[in-house]
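Chemist: Sharing a structure here in structure tokens format.
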Amino acid sequence: QVQLVESGGGLVQFAGSLRLSCAASISALSIYALGWYRQAPGKQRELVALITIGGRTNYADSVKGRFTISRDNAKNTVYLEMNSLKPEDTAVYYCYAALNGIGYWGQGTQVTVSS
């Protein structure tokens, strides 16, 4: 099992930036993939970005060029750097970990972008 704790959400103005962090309770070297999903009110949860243990990344088309995912295995942490934020990025952002074929979720952190 793994526990995930997110931080870094908040209120930001249009075109602003935020950095989300997610700390895992176990060594990140044992976690195949770490990533971020988001869920806006009335919408389904969607993938934002994912990074594998080998450093391979995958981004939603809507965030390509604006968001950057990275992982620091020494700190057991995954980050999401978000730039040029738009009101449509407003959502609860959830950290995700894929471990031994099982997905784990953090509690979520709210990101609100004002226009």
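The values are calculated or read from the model by the stated rules, or taken from the named source; none is laboratory data. All values derive from a computational prediction rather than experimental measurement. Heads up: the accessible areas ignore ligands, DNA and RNA and are worked out on the full protein's heavy atoms, side chains in. Shrake-Rupley method; radii C 1.70, N 1.55, O 1.52, S 1.80 Å.
Chemist: Apply the Karplus curve 6.51 cos²θ - 1.76 cosθ + 1.60, θ = phi - 60°, to the phi angles in segment 99-115 and return the couplings in whole Hz, x for Gly and Pro.
Modeler: 10, 6, x, 10, x, 10, 10, x, 7, x, 9, 7, 10, 10, 10, 8, 8
Chemist: While we're here: Find the accessible area per residue for the chain; the probe is 1.4 Å, ligands and nucleic acids are left out, and the unit is Å². Intermediate results must be reported in sequence, preceding the final value.
Modeler: On the way: 5970 Å² over 115 residues.
The answer is 52 Å² per residue.
Chemist: Hey, another quick one. Taking the alpha-carbon distance from Lys64 and a cut-off under 20 Å, which aspartates and glutamates remain once sequence neighbours fewer than 8 residues away in the same chain are dropped?
Modeler: Candidates past the 8-residue exclusion: Glu46, Glu81, Glu88, Asp89.
Chemist: Something else now. In the chain, carbon and sulfur make up what percent of the accessible area (probe 1.4 Å)?
Modeler: Values: 2930 of 5970 Å².
Carbon plus sulfur share of accessible area: 49 percent.
Chemist: Let me ask you something else. Taking 10 °C and 1.306 mPa s as the conditions, I'd like the Stokes-Einstein D for segment 6-54 in µm²/s, using the Kirkwood hydrodynamic radius from alpha carbon pairs. Display every interim value, and only then the final one.
Modeler: On the way: Rh = 13.0 Å.
Translational D for this selection: 122 µm²/s.
Chemist: Starting from the Cα of Lys75, draw a straight line to each of the aspartates and glutamates and keep only those under 18 Å, dropping any in the same chain fewer than 8 residues away.
Modeler: Lys75 reaches Glu6.
Chemist: Something else now. May I ask you to evaluate 6.51 cos²θ - 1.76 cosθ + 1.60, the Karplus curve with θ = phi - 60°, for each residue of segment 25-37 and list the ³J(HN,Hα) values in order in whole Hz, giving x for glycine and proline?
Modeler: Per-residue couplings from phi come out as 7, 10, 4, 5, 5, 9, 9, 5, 9, 10, x, 10, 10 Hz.
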